[in-house]
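The values are calculated or read from the model by the stated rules, or taken from the named source; none is laboratory data. Worth saying up front: this structure is predicted, and the values here are computed from it rather than measured. For neighbour counting, all protein chains shown are included, and Cβ atoms are generated from backbone atoms with ideal geometry for every residue, glycine included.
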Amino acid sequence: MKQAYLDADTLLSLSQRATEENAEPFDPLHVDLGRPFIHEEFTQLSHTSIYAELDDAQRLRYNQLSGMSSNELFMMFESGFTNRVIQRLIGHRMLRHDPVLRQCLEIMLEEEKAHTRMFAALNRKCMPGIYTRTTFHFTRSGLFEKAALWSLTHLPHHLLLVVWLVMIMEEFSNYISRRMIRSQETRHLGTLDPAFVELHHRHLRDEARHVQIDANLIARMTELAGPLKRRSNARILRFLMDQILMPRRAGVAVIRHLVTEHPELKTRENELIASLRRLKREPGFANALCQEGEMKLTRLFMGQFPEYHFIQTYAH
């Protein structure tokens, strides 16, 4: 039976080739502030009735701010979470006798660092007054989130579930990038800014391979874990996904910033925030799970391990 994902030897060869091809850093020369930055379906307010009540200028700026916030979320996940997981895996006894997969992870770690630099560079080009002072304007981690992150990435019995989480979120990010590349016309706001499209093209070039590395790890770790540990990890994973996919502070911060640039919305600020908070889950993730041909590896392992069937409920 043919394996549904690439083996480690093939992935190492592809990773080494990509290292040579990715030598030139991403340096966006221009951002067109008259264009949207992301597809409207990836902005939270576009899934509420109040979005239609915004005028064109307000919707465009909301889209652009959401695009920058999305870049921050990519950076936060890759630099603050994925990189820590990779570092743990590189030193894990499971890979002690697997230098090929370990080398894949070492290259992946450097690529994730490069991705963070790309997203940061584009945000600086969009709002230099803010992003020359800070990397994270919309997304901030509280003490609880920082403590939870430390626990997840340092305690050994959590390693299986965090690798699952990395794969799921990387497949979701690939869906976003493919959507940006495949169609550059938004529903109502015109053509996407070329710098954002180029960013996602470069991002996908590596991430499509990264999820294959994740698959190799999950196949090995989930099989070895046994049903009891799988059930325990799946319960925690479900809780984490509920937290991650719930519209929270970053979405509210985007609205608050929008109001500072469009003070005519000040009287509706609370109404806008309330509309966002009524969304139970991140709508873009549900779209990804509903799209045929997307989230392939997540679907594959859900089918193999019934403990993880709950992931399909996020499609509704």
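One line per residue, one yes/no per condition, for (1) outside any helix (DSSP H, G or I); (2) among the basic types (K, R); (3) exposed (fewer than 13 other Cβ atoms within 10 Å of the Cβ):
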site	(1), (2), (3)
T260	no, no, yes
L265	no, no, no
K280	yes, yes, yes
A288	no, no, no
T298	no, no, no
F301	no, no, no
H309	no, no, yes
T313	no, no, yes
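In the range 84-105, is there at least one residue being in contact with a Ser or Thr (Cβ under 7 Å, 6 or more places away or on another chain) and either modelled with pLDDT of 95 or more or not in a helix (DSSP H, G or I) (or both)? Yes.
Taking each residue of the range 174-189 that is farther than 22 Å from R59 by Cα and buried (at least 21 other Cβ atoms within 10 Å of the Cβ) and looking for partners that are at pLDDT 95 or above and not aliphatic (A, V, I, L, M) with beta-carbon atoms closer than 9 Å, six or more apart or interchain, yields N174/H203; N174/E207; N174/H210. Applying the set (1) crowded, with 19+ Cβ neighbours inside 10 Å; (2) among the basic types (K, R); (3) over 14 Å from the mean Cα position of the chain (by Cα) to R205 leaves exactly one unmet item: (1).
Quick grid of which residues meet (1) among the basic types (K, R); (2) closer than 18 Å to V166 by Cα; (3) buried (at least 16 other Cβ atoms within 10 Å of the Cβ); (4) out of contact with any Cys (no Cβ under 8 Å at 6 or more places or on another chain):
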| residue | (1), (2), (3), (4) |
| --- | --- |
| L45 | no, no, yes, yes |
| A52 | no, no, no, yes |
| Q64 | no, no, yes, no |
| G80 | no, yes, yes, yes |
| R93 | yes, no, no, yes |
| C104 | no, yes, yes, yes |
| M118 | no, no, yes, yes |
| Y131 | no, no, yes, yes |
| T135 | no, no, yes, yes |
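Name every residue in the range 31-63 that is within 19 Å of I181 (Cβ to Cβ) and either in a helix (DSSP H, G or I) or not polar (S, T, N, Q) (or both), in order of residue number. So that I can check it myself, show each step before the final result.
In the first step, residues of the range 31-63 are kept if they are within 19 Å of I181 (Cβ to Cβ); the result is 31-32, 35-43, 63.
Scanning the range 31-63 gives V31, D32, R35, P36, F37, I38, H39, E40, E41, F42, N63.
Only a single criterion out of (1) over 30 Å from E282 (Cα atoms); (2) under 22 Å from the mean Cα position of the chain (by Cα); (3) not in a helix (DSSP H, G or I) is not satisfied by S15, namely (3). Taking N233 as the residue in question, decide whether it is more than 26 Å from K146 (Cα to Cα), over 19 Å from the mean Cα position of the chain (by Cα) and not aliphatic (A, V, I, L, M). When the stated conditions are applied, N233 does not pass them. Close Cβ contacts (under 9 Å, 6 or more residues apart or on different chains) running from residues in the range 267-284 that are without any contact (Cβ under 8 Å) to a residue 60 or more places away in the chain to residues that are among the aromatic types (F, W, Y) and in a helix (DSSP H, G or I) comprise R281/Y314.
Within the range 289-316, residues that are more than 20 Å from L228 (Cβ to Cβ) and touching a residue at least 24 places away in the same chain (Cβ under 8 Å) reach partners that are of a type in the set (F, W, Y) and in a loop (DSSP other than H, G, I, E, B) with beta carbons closer than 7 Å, at six or more positions or on different chains, in the pairs L297/Y5.
As for the range 229-241, it holds no residue that is at pLDDT below 90 and outside any helix (DSSP H, G or I). Every condition in (1) crowded, with 17+ Cβ neighbours inside 10 Å; (2) modelled with pLDDT of 95 or more is met by N270 except one, and the failing one is (1).
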